[in-house]
Amino acid sequence: MKDKLSAAREIVEAFLERSMVPDPEGASAYLADDFEVIFTGGRRFSGPADTAAFNARRYAWVKKRFLRTDACADPDSGDVHVYNTGYLYGAWPDGSTFETNRYLDCFVVRGGKIVTMNVWNDSAEILLAKAGLAEAPL
């Protein structure tokens, strides 16, 4: 039998893999009924179809290159907190490509399902730099 931390890491990675296809229906199989995702900037969504639609406006296409997935158990709640980090790679709507856009996704897994996901990445900063509005060089 898999330990709780390994199982939670596998759930998160399987969800992310399905999300990158994109396969919103397949990705939804890993989510609790009350799942919520919060993107950089505080944008809230209720599922993979919403985030895929958002990403379709921001990127021509985008994928994740996982660097690591870590998990730790909350001794009080029993939840497992999973952290997946790496680089986004893909193309902007203008066709220019990128490959070193850092990201960090933070999940809470409860009862074998993902209940929350928080997403941070460098996309906004990169877009500001492309527009000549960055406050400092990247």
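Since every read-out is calculated from the coordinates, none of them should be taken as a lab result. Nothing here was measured: the structure is a model prediction, and the numbers come from that model. In this analysis, Cβ positions are derived from the backbone assuming ideal geometry, glycine residues included, and neighbour counts consider all displayed protein chains.
Before moving on, here are some points about what is shown:
- Here's how it looks for residue 47: its modeled amide H is under 5 Å from those of 37, which are all 5 or more places away or on a different chain.
- Spatial separation of Cα centroids for segment 1-55 and segment 87-138, in angstrom: 16 Å
- Less than 5 angstrom separates the built amide H of residue 79 from those of 74, all sequence-distant by 5 or more or on a different chain.
- Evaluating 6.51 cos²θ - 1.76 cosθ + 1.60 at θ = phi - 60° for every residue in segment 118-124, the Karplus couplings come out as 10, 10, 10, 7, 8, 3, 4 Hz, glycine and proline recorded as x.
- Listing 114, 38 from fewest to most neighbouring C-beta atoms within 10 Å gives 38, 114.
- Coupling constants for segment 63-68 follow from the phi torsions by the Karplus curve (6.51 cos²θ - 1.76 cosθ + 1.60, θ = phi - 60°), and in residue order they are 9, 10, 9, 5, 9, 7 Hz; glycine and proline get x.
- Counting DSSP beta bridges with both ends in the chain, the antiparallel % (nearest 5): 90 percent
- Backbone phi angles across segment 84-89, fed through the Karplus curve with coefficients 6.51, -1.76 and 1.60 (θ = phi - 60°), yield HN-Hα couplings of 10, 9, x, 10, 7, 9 Hz in residue order; Gly and Pro are listed as x.
- Stretched out straight at 0.36 nm per residue, the stretch from residue 113 to residue 50 would grow longer than its current Cα-Cα span by 20.8 nm.
- Burial ordering of 107, 66, fewest other beta-carbon atoms within 10 Å first: 66, 107
- Fewest-first ranking of 51, 85, 97, using other Cβ atoms within 10 Å as the exposure measure: 97, 85, 51
- Charge dipole of segment 21-113 about the Cα centre (unit charges at C-beta), most positive-ward option of 73, 26, 93: 93
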